[in-house]
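The values are calculated or read from the model by the stated rules, or taken from the named source; none is laboratory data. Note that the structure is a prediction, hence the values are computed from the model and not measured. A quick note on method: Cβ atoms are made from the backbone with ideal geometry, for glycine too, and the neighbour counts reach across all protein chains shown.
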Amino acid sequence: MNYIVLFRGINVGGNGRLPMKELVSLLENLRAKNVRTYIQSGNAVFESPEKDKSKLSRQIAAEVKKRHGFEPHVLVLNVGALEEAIANNPFPEAVDDPSKLHLGFLASVPKSPDMEKLESFRKDNERFRLIGSVFYLHAPEGVGRSKLAANSEKLLGVPMADRNWRTVCKLYAMVSP
């Protein structure tokens, strides 16, 4: 099966150092084939005989801990999930500025997200939607300046791996037939 793996918090601000060559080796050690990475912040696509995404995610996190001494949040997606996230984009007009449109891939569908509190953090020019296990955020001033972006994971109550539209599309191009 083809998979996309998203790591949160590696190679950012000097924390969680995991060089991409080592990530490739680590994934290959877990029987992954055709491993390719994209940028230094923890994105990879690969093929694996493993059918259980949750098990694969746990194995990858455990292998990182064993080799590098820290355990990152690891989210494994299949091609269909990425394809669906792209197709469900509620802000198609925002793709022209792909660094301002972000997709937060959630570990699961939130059971009780605090949508009212999320709304209270939203600037007038920001928009967001939660569709299944993907949190879409259009932040024209950038996510670094967004209180909504800064508080979204906590208020959704589910671990999240955030990627901008450009990265999402690049990963899809890398993994699609």
Which one is surrounded by the fewest Cβ atoms within 10 Å (Cβ to Cβ) among residues in the range 142-177 that are over 18 Å from Glu116 (Cα atoms) and free of Cβ contacts under 8 Å to residues at least 40 places away in the same chain? Pro177
For the range 107-139, how many residues are loosely packed, with under 15 Cβ neighbours inside 10 Å, at negative phi, outside any strand (DSSP E or B) and not charged (D, E, K, R)? 6
Condition check: under 16 Å from Pro159 (Cβ atoms), touching a residue at least 24 places away in the same chain (Cβ under 8 Å) and touching an Asp or Glu at 6+ places or on another chain (Cβ under 8 Å). Does Gly42 satisfy that? no
Subset of the range 120-161, residues charged (D, E, K, R) and either over 18 Å from Pro98 (Cα atoms) or modelled with pLDDT of 95 or more (or both), comes to Arg122, Lys123, Asp124, Glu126, Arg127, Arg129, Glu141, Lys147, Glu153, Lys154
Which ones in the range 31-89 are surrounded by 14 or more Cβ atoms within 10 Å (Cβ to Cβ), among the aliphatic types (A, V, I, L, M) and assigned to a loop (DSSP other than H, G, I, E, B)? Ala32
Within the range 60-119, residues touching a helix residue (DSSP H, G or I) at 6+ places or on another chain (Cβ under 8 Å) and of a type in the set (Gly, Ala, Ser) come out as Ala85, Ala94, Ser99, Gly104
Inspect all residues belonging to the range 134-142 and state whether any of them is in contact with a Ser or Thr (Cβ under 6 Å, 6 or more places away or on another chain) and either hydroxyl-bearing (Ser, Thr, Tyr) or farther than 25 Å from Val45 by Cβ (or both). yes
In the range 79-135, residue farthest from Ala149 (Cα to Cα) [restricted to those that are without any contact (Cβ under 8 Å) to a residue 60 or more places away in the chain and among the basic types (Lys, Arg)]: Lys111
Among the numbered conditions (1) assigned to a helix (DSSP H, G or I); (2) of a type outside the set (Gly, Ala, Ser); (3) surrounded by fewer than 19 Cβ atoms within 10 Å (Cβ to Cβ), tell me where Leu27 comes up short. (3)
